[in-house]
1. Using a 1.4 Å probe over the heavy atoms of the protein chains, calculate the carbon and sulfur portion of the accessible area of region 44-95 as a whole percent.
2. When only the heavy atoms of the protein chains count and the probe is 1.4 Å, how do Leu226, Leu29 rank by accessible area, highest first?
3. What's the ranking of 59-70, 137-148, 77-88 by average number of surrounding C-beta atoms within 10 Å, highest first?
4. Among Phe100, Leu7, Thr64, flag the residue with its Cα farthest along the positive direction of the charge dipole of region 1-108, charges on Cβ as +1 for Lys/Arg and -1 for Asp/Glu.
5. For region 116-122, what does the Karplus curve 6.51 cos²θ - 1.76 cosθ + 1.60, with θ = phi - 60°, yield as ³J(HN,Hα) per residue in whole Hz, taken in order and with x for Gly and Pro?
6. Given the whole protein assembly as supplied and a 1.4 Å probe, what does the accessible area of Met294 come to in Å², nearest 10?
7. For region 1-87, what is the accessible area per residue in Å² when the probe is 1.4 Å?
Amino acid sequence: MTPKKNLFLRDVLKYTLTAFGGPQVHMALMLREFVQKRNYLTEEELLELNALCQVLPGPASTQTITAIGYKIGGLWFAILTFLIWLLPSAILMALAAILFATYSSKIEVPKLLKIIEPMALGFVAYAGYIFARKVLNNKLTILLAVVSLTCSLLLKNPHVFPFMFPGLIFFGGYITSKTNKNLEERDLGEKLVINVNKKKVAYFFGILIFFALLGALINRTSFFSLPVRLFENFYRNGALIFGGGQVLIPYMYTEFVELKKYLTTQEFLSGYALQQVIPGPVFSFSSFLGGMAMKNGGIGGQLLGSLAAVLGINLPGLILILFIVPFWNDLKKITRIKNSLVGVNAVSVGFVVAAFFLLLKPIGINYFSIGIIVVTFCLLRFTKIPAAIIMFSGLILSFLI
């Protein structure tokens, strides 16, 4: 393995252990760690990859870091990058599920979150600031960000909410795709279609069809074990969830708490609160859910449930990004596609700002929380203190206060 690849994997591990604040913050940290510090790719390339992953179902942060890994070292290097990014948080959430099943009556989550929750919002505010500076450079992009912000804050109907994110993403992409048309676009698109490997296309859709049929079979067969059914449940959700972690939570709560009764509301909310303290992808929350669903199967059963959930929720997005990235450099040369990425990123800025206000409400607006948010934002914006040190300092203060 080349020195550059070794250095990249070390940076990915460092990023994994410091990526607090959820998907709203991950993009800002990628800009700082992979573009500004190491120059693994350009700022424009990162924004384009982020926009692509916003359009696809699945975990956008995970897909983006995997795509960067593919760009540096190819298929197997991308899969290794994916595992380094995912496993630490997934393992921690699996252990959390085991602890909750054993000591649920003795764990006090609210005390731990007294400082951590407003600090996480400081990370979100910083991400919104950085992202907006990079993306909102004309009246149209500002308007799209305002529209997505307004819709995110007002459209809270549970039947509308899951469809709002993909709807706004495609709307933003469509609007900006109509700008600055290129007369050579049609010829370039035809050339791309001719050059696409048809066998890979058939292989990709074949995998999706196979798992869809497998899911139908599992749902109709009662003697299959719970881990296999969990895998199907999470795989199906991973193939349907657009918008990342913001949409994951209501989806998971409806299916696994209200419908299937795998865990209680308190267990679900406590696990989600702990997820905010742990760095890495929000989709690793599925590890906690899978472990809690198998809480009657002992530690071995819980670990198996966590594995089934993590693999199921992440596999669709991984398949999609590994299929598209090999010919992404050609695909984005099509003018309308390249222009659409501008709109997708603008809409994503609105999502980040909306996430800040939505998360602020349960924390409460008071001098203490606002002060923590402002201090965290200023430390990220005006100092070079690593994010990990900032967050771990908050953890220590939470135990001391």
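The values are calculated or read from the model by the stated rules, or taken from the named source; none is laboratory data. Not measured: the values here are computed from a predicted model. When we count neighbours, we look across all protein chains shown, and the Cβ atoms used for this are built from the backbone with ideal geometry, even at glycine. These accessible areas exclude ligands, DNA and RNA; they are computed on the full protein's heavy atoms, side chains included. Shrake-Rupley method; radii C 1.70, N 1.55, O 1.52, S 1.80 Å.
1. The nonpolar share, carbon plus sulfur, comes to 76 percent.
2. Leu226, Leu29
3. Ranking, from highest mean packing down: 59-70, 77-88, 137-148.
4. Leu7
5. 5, 4, x, 5, 4, 5, x
6. So the heavy atoms of Met294 present about 30 Å² to solvent.
7. Here the residues of region 1-87 average 36 Å² of exposed surface.
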